[in-house]
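The values are calculated or read from the model by the stated rules, or taken from the named source; none is laboratory data. The model shown is predicted, which means the values in this text are computed figures rather than measured ones. Heads up, the Cβs are rebuilt from the backbone with ideal geometry, glycines too, and the neighbour counts pull from every protein chain shown. Only protein heavy atoms, including side chains, enter the accessible area calculation; ligands, DNA and RNA are left aside. Shrake-Rupley method; radii C 1.70, N 1.55, O 1.52, S 1.80 Å.
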Amino acid sequence: MVGRYFVTTPIYYVNDAPHIGHAYTTLNADALARWHRLCGDEVFFLTGTDEHGLKIQRVAEANGITPIEQADRTSVRFRDAWELLDISNDDFIRTTEPRHRIAVQQLLTAAYDNGYVEKGTYEGDYCVSCEAYYNDDELIDGCCPIHKRPVEHMLEDNYFFKLSAFEDRLLEWLESDPDVIIPEGYRREAIGLVKQGLDDVSMTRSSLDWGVPVPWDDGHVFYVWYDALINYATAVGYGRDPERFAQWWPHTHHVMGKDIIRFHCVYWPAMLLAAGITDLPRYHVHGFLLVGGEKMSKSSLNQIAPADLVADFGVDGFRYAVLRDNSFGPDGDFSYEGLLTRYNSDLANTFGNLLQRVTTVVHKSCGGIGPAPDPHSVLRVKAERAVAESTEAWRRVQPSTALDATIRLVRDTNEYLQETEPWKLEPGIEVDRIMGDALEALRITALLISAAAPGAAQTAWERIGLSGRLDDQRLPAAGVWGGYTGGHEVTKGDPLFPRLKG
Ligand code: ME8
């Protein structure tokens, strides 16, 4: 069904450079945005950076610069990384922008006016790396369970958000529809968090000034998570353009890692409800990429820059291998060897190889002009199955499964050529029919793989003689067998994905 699709990534902290974990989330969101555009949806794809809070202030101090200098320097590194990875975001938000301050102040003032904010004193243990408070029973030897670093004891006057008032409404929402959070295990996790009982939470800081000022009390800034979550609303016009907000907000899909479920799936919907916004987002949650069993993060040694891998695999090779090799949901082992094997088997030896074979035979036996496919080809059923299976997998936010179905069509086509051996045939009807079928399978493959490997898909599109931008095609119509009408000039070229040695 054609509609609107607002897809987001978390906004990343600007304390350090982008790494593979950030790239994984952003690539999944980008692939979803591209797939939905291909299906004719009107898409708005948002990413950005989270720039306030104690963590950023401390890193800036350590670097001998101001927090805004720290934010400026690092935010641009995220922008550059996403440009390098061919990320098609429509907006890049920074929480230090004036548009965001307006939205934060307005949304939280609405919560205040609705009676969901009250003053109190907060005493608790705080992990600066998480920017989160922990209860005693969550700590491991006095340290944060995620960063394994000592927490800091905090005592200050704060405003509290009455999270406890939302237990019933949150449960009702979480249980209303199995698709509000997918995969299902993460929805159960959120339900579990709410069922444990919700305490009211501190939402402002008076000991810090690097944040959005609380409009009703000069001495306070909002605690960074209350500021950060609102970025999603800011970007679609909250506080500035109510009509635009109303158009996009009901179609919000948050793509994110499992580490931020509590903030996104419990606090954030409660904040929205407190401000009188009753449309709540949908969530697509993935696990951690693990290197040597440890979560790969900026605080660990396993820091890998996306650019290093792009240098070896190319943008499309990297994008495809990461998406295909790490199924969305569970934790996954991330290794160079895994990427390399995937790249060679699916791209160099399968997709790239088919394109090379087909363009070569078309030049040898069809005068370089691609013939039309047979409407009754045995490949037709396989192509229809690939379209149906990958469409369903993208709908369930399973890029890896969708790409598996896509590459299966390429394998089937390679087998078809292996069986029919067109390179041994004299030019004529038989060879034309086989090559028309293979070209049509390639056309459909290019469409299906384009969300993951947009550049390579466009190149394949052009090599088989199709004009215009593949991006202008629309499924399902473009995926119907017979779209390759024949008579197109096919070009030979360098291998799309050169084989790589380990
Ligand atoms: O949490 N595997 O920002 P952040 C997979 N600013 N994904 C990973 C990962 C890994 N090893 N490491 C990080 C914040 N990620 C807040 C978000 S949103 C309103 C505020 C991804 O820079 C994953 O998506 O720590 C995770 O949720 C996010 O990066 C955390 O990025």
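Computed quantities for the displayed model
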{"item": "Residue match in the range 222-240 (condition: within 12 Å of the ligand (Cβ to nearest atom) and either open to solvent by 10 Å² or more (accessible area, probe 1.4 Å) or without any contact (Cβ under 8 Å) to a residue 60 or more places away in the chain (or both))", "result": "yes"}
{"item": "Scope the range 34-63; condition in contact with a Gly (Cβ under 7 Å, 6 or more places away or on another chain) and without any contact (Cβ under 8 Å) to a residue 40 or more places away in the chain; matching residues", "result": "Asp41"}
{"item": "Sole exception among (1) buried (at least 22 other Cβ atoms within 10 Å of the Cβ); (2) over 17 Å from Pro495 (Cβ atoms); (3) not aliphatic (A, V, I, L, M) for Asp346, by number", "result": "(2)"}
{"item": "Neighbours by Cβ (under 9 Å, 6+ apart or cross-chain): first from the range 15-33, over 14 Å from Ile449 (Cα atoms) and more than 9 Å from the ligand (Cβ to nearest atom); second assigned to a helix (DSSP H, G or I) and at pLDDT 95 or above", "result": "Ala17/Thr74; Ala17/Arg77; Ala17/Phe78; Ala17/Ala81"}
{"item": "Leu198 within 22 Å of His286 (Cα to Cα), open to solvent by less than 40 Å² (accessible area, probe 1.4 Å) and modelled with pLDDT of 95 or more", "result": "no"}
{"item": "Selected residue (only one of Phe328, Phe351 is open to solvent by less than 60 Å² (accessible area, probe 1.4 Å), within 20 Å of Met435 (Cβ to Cβ) and either of a type in the set (Ser, Thr, Tyr) or under 27 Å from the mean Cα position of the chain (by Cα) (or both))", "result": "Phe351"}
{"item": "Positions within the range 1-39 being out of contact with any helix residue (DSSP H, G or I) (no Cβ under 9 Å at 6 or more places or on another chain), more than 18 Å from Ile304 (Cα to Cα) and small (Gly, Ala, Ser), in sequence order", "result": "Ala29, Ala33"}
{"item": "Matching option when the condition is part of a loop (DSSP other than H, G, I, E, B) and open to solvent by less than 70 Å² (accessible area, probe 1.4 Å), among Trp461, Trp481", "result": "Trp481"}
{"item": "Matching residues, the range 64-80, being among the hydroxyl-bearing types (Ser, Thr, Tyr) and without any contact (Cβ under 8 Å) to a residue 12 or more places away in the chain", "result": "Thr66"}
{"item": "Which numbered condition Pro10 misses (of (1) away from the ligand (no atom under 11 Å from the Cβ); (2) open to solvent by 10 Å² or more (accessible area, probe 1.4 Å); (3) under 14 Å from Ile93 (Cα atoms))", "result": "(1)"}
